[in-house]
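Rule-based calculations on the coordinates, nothing more; no lab input. Everything numeric here is computed off the predicted structure, so don't read it as measured data. Neighbour counts are summed over all protein chains in view; Cβ atoms, including those assigned to glycine, are modelled from backbone coordinates with ideal geometry.
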Ligand SMILES: C[S@@+](CC[C@H](N)C(=O)[O-])C[C@H]1O[C@@H](n2cnc3c(N)ncnc32)[C@H](O)[C@@H]1O
């Protein structure tokens, strides 16, 4: 099946609703990498760059917003920010987290059928969503549909392609985790953090539909180019992933990513993919 798709799209979407409804309350605990000091720096810098380069800042749509991690960085820059997700529970958490920001609007919807007219958005952000969609590449057409000409798409924290994942799985399990265990052993005290927090009843295999293939930034850039986007930046990032930001050692390991990203080629070999692209031409329907 193209792109590693499993099951039909209806099943995939139901699986995503069920899974993320359950995961909502503990999302940041089971995905600590998503709100790490490194990830925050990356997202904040990218959104600031996009906002500065936008012609207008009327409407931003964060699709698959989850608990609103990326949305929070967008709120100061846009007149209206729509946080959209297929899981209502995720939106409940996002609402709680982002408080009563007047410019925030929460919408339960399917990313493949965004409830917007053509050509209305200045920015569409897609963070860690593509790999949950049955047709991630054709989904980009829907993003293009709602974007204004000169509007931006920001794709981030999508898993890198398979060969890299194997290396990172090895690095996580056999190098970083063993190193952390050794340090704990040497310090003769156990930290009270469960590094393998998983919730019963969650089936990651059912929702991470694209995970087995992953993405390459060149492949995503090509897909966006074919849709009339100009790719402004495309790279991969995030190497050392200690599973948690808690504790000085984990924080230090997370921060080591800032150092690693200075090395040549590091931006081609990371575990996640990030792309900023600008819609250059009108799409076929004239938006
Ligand atoms: C891994 S989380 C990422 C959350 C957030 N964007 C972040 O970066 O922290 C993926 C999110 O995508 C949502 N999602 C999955 N399939 C979706 C779909 N078809 N339409 C809209 N949202 C979807 C999930 O409910 C979940 O909140």
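Determine the relative contact order of region 1-101: mean sequence separation of Cα pairs under 8 Å and six or more apart, normalised by residue count, in whole percent.
It comes to 29 percent, rounded to a whole number.
Residue 56 to residue 205: extension gain in nm, 0.36 nm per residue of separation minus the Cα-Cα distance?
Full extension from residue 56 to residue 205 adds 49.7 nm.
Which residue, 42, 52, 268, has the most motion in a Gaussian network model of the chain that connects Cα atoms within less than 10 Å?
Of 42, 52, 268, the most mobile in the Gaussian network model is 52.
Let's test this: bin the Cα-Cα distances of region 88-198 at 10 Å from zero up to the farthest pair and state each bin's percent.
P(r) over region 88-198, rounded to whole percents: 11, 27, 26, 21, 12, 3, 0.
Which residue fluctuates the most in the chain, going by a Gaussian network model with Cα springs under 10 Å, if the choices are 137, 185, 217?
Answer for the Gaussian network model of the chain: 185.
Suppose the chain between residue 108 and residue 226 were pulled fully straight at 0.36 nm per residue; how much longer would it get relative to their current alpha carbon spacing?
39.5 nm
What residues of region 242-270 lie in the reach of a label at residue 177, counting those whose backbone N is under 17 Å from a point 7 Å from the Cα along Cα→Cβ?
242-246, 250
Checking the a/c ratio against 1.5 first, then a/b against b/c, what shape does the Cα gyration tensor give for region 209-249?
prolate
Taking Cα pairs under 8 Å and at least six residues apart, what relative contact order does the chain come out at, in percent?
Relative contact order here is 23 percent.
I'd like the distance separating the alpha-carbon centroids of region 65-91 and region 203-242, in whole Å.
21
Just from its helices, what would the mean residue ellipticity at 222 nm be for the chain, if runs of 4 or more DSSP H residues each count -39500 (n - 2.57) and the sum is divided by every residue, rounded to the nearest 500 deg cm²/dmol?
Mean residue ellipticity, 222 nm, calculated: -11000 deg cm²/dmol.
Eigenvalues of the Cα gyration tensor times 5, then square-rooted: what semi-axes does that give for the chain, in whole angstrom, largest first?
31, 21, 20
Mark the label point 7 Å from the Cα of residue 167 along Cα→Cβ and return the residues of region 201-220 whose backbone N is within less than 15 Å of it.
215-218
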